[in-house]
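Asker: Below you will find the structure I want to go over with you.
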Amino acid sequence: MSKLLKRSLIILIGIVIIGIVGKSILKYNTKKHSPEQVLTHKSKDANFTVFYNKPSKKGRVIFGDLVPFDQIWRTGANEATTFTTDKDILVDGTVLEASTYSLWTIPGENSWKVIFNSGAYNWGVNFTDGNPSHDSKYDVLIIEVPVQRLLNVIEQFSIYFQEANDFTIMYLAWDQTAIAVPIKLK
C-alpha cells in the first residue's frame, strides 16, 4: 500500500470519527434543553407508547408566538413525536389501525387539529429552511379538538394519559393550554 493511500485512509477515518463525535455533541446539547420522554400506557388490552421531546416555556409566550397559530407543529421539540398503538382504536370515533404514527398538530386559539401521519421523519423540521418536515400525503387521521385553558402554567410540554369511563384521554399540555384526544378500543 502506498504512502498516499495510507494517508488518505487515515484522513478519511479521522473525518468519520470527528463527524460521529460532532453529531453526539450536537445531540447532547440539543437534548439537555428539551429532554426525550418515552411514555407508555396500558388501557385494558391496548398499549400506547409516545416518544417526544419536552421543550420548556422559559418565560416565553408559547401559543400564538413561539408556536404560531394555524401552522403545522411537530408537537414537541427535536425529532417528530411518535404515537404507537398495538391495537386498532377509535380516535374521536374514527378508526386508527395498530401501528406507529408521527403526531403533528395545528394549534389554534380555540381548537387544535391533531394529525396522525404514517410517514417516518428523522427530525421534526427541515435543516435547510426550518419548516416542519410533515408531508400531508401520509396523513391517516385528522381530528379537531377544543382548547382547554389551564389556571396553572405547565413549564415543560407534556403528554399524558388518563382513564375516563370507557375512554382513554391523551392530553397534550403546555403553558396554560391543554387539549384532550379521546381514544377508545375498537
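Asker: Quick check: is even one residue across the stretch 121-130 surrounded by 14 or more Cβ atoms within 10 Å (Cβ to Cβ), assigned by TED's automatic domain parsing to the domain that holds residue 62 and over 16 Å from residue 66 (Cα atoms)?
Answerer: We begin by selecting, within the stretch 121-130, every residue surrounded by 14 or more Cβ atoms within 10 Å (Cβ to Cβ); these are 121, 124-125.
Right, trim to assigned by TED's automatic domain parsing to the domain that holds residue 62 and you get 121, 124-125.
Okay, now just the ones that are also over 16 Å from residue 66 (Cα atoms), so 121.
Taking every residue of the stretch 121-130 in turn, at least one turns out to be surrounded by 14 or more Cβ atoms within 10 Å (Cβ to Cβ), assigned by TED's automatic domain parsing to the domain that holds residue 62 and over 16 Å from residue 66 (Cα atoms).
Asker: Right, here's the next one. Please determine whether any residue of the stretch 73-84 is in contact with an Asp or Glu (Cβ under 7 Å, 6 or more places away or on another chain) and either farther than 24 Å from residue 136 by Cβ or of a type in the set (Phe, Trp, Tyr) (or both).
Answerer: no
Asker: Here is a follow-up. Of the residues 13, 25, which is over 30 Å from residue 185 (Cβ atoms), at pLDDT below 75 and of a type in the set (A, V, I, L, M)? Lay out the reasoning, then the answer.
Answerer: Working: 13 fails: at pLDDT below 75.
After applying the criteria, what remains is 25.
Asker: Select from the stretch 57-86 the residues that are surrounded by fewer than 16 Cβ atoms within 10 Å (Cβ to Cβ) and part of a strand (DSSP E or B) and list them in ascending order.
Answerer: Hit for the stretch 57-86 is 84, nothing else.
Asker: Let me ask something additional. Specify which of the listed residues (133, 99) is at pLDDT 95 or above and within 18 Å of the chain's Cα centre (by Cα). Give the steps one after another, and end with the answer.
Answerer: Values: 133 fails: at pLDDT 95 or above.
Sole residue among the options that is at pLDDT 95 or above and within 18 Å of the chain's Cα centre (by Cα): 99.
Asker: Mind checking which residues of the stretch 34-56 are within 16 Å of the chain's Cα centre (by Cα) and in a loop (DSSP other than H, G, I, E, B)?
Answerer: 34, 35, 54, 55
Asker: Here's a follow-up. Can you spot a residue in the stretch 145-166 that is without any contact (Cβ under 8 Å) to a residue 40 or more places away in the chain, part of a strand (DSSP E or B) and among the small types (Gly, Ala, Ser)?
Answerer: For the stretch 145-166, residues without any contact (Cβ under 8 Å) to a residue 40 or more places away in the chain, part of a strand (DSSP E or B) and among the small types (Gly, Ala, Ser): present.
Asker: Right, another one. Can you give me the number of residues within the stretch 30-78 that are free of Cβ contacts under 8 Å to residues at least 60 places away in the same chain and touching a Leu at 6+ places or on another chain (Cβ under 9 Å)?
Answerer: So the answer is 3.
Asker: I need the full set of residues from the stretch 92-105 which are of a type in the set (A, V, I, L, M, F, W, C) and surrounded by fewer than 20 Cβ atoms within 10 Å (Cβ to Cβ), in order please.
Answerer: Residues of the stretch 92-105 of a type in the set (A, V, I, L, M, F, W, C): 95-96, 98, 103-104.
95, 98, listed by residue number.
The values are calculated or read from the model by the stated rules, or taken from the named source; none is laboratory data. For clarity, every value in this text was computed on a predicted model and none was experimentally measured. Here Cβ is always computed from backbone atoms with ideal geometry, including for glycine, and neighbour counts include all displayed protein chains.
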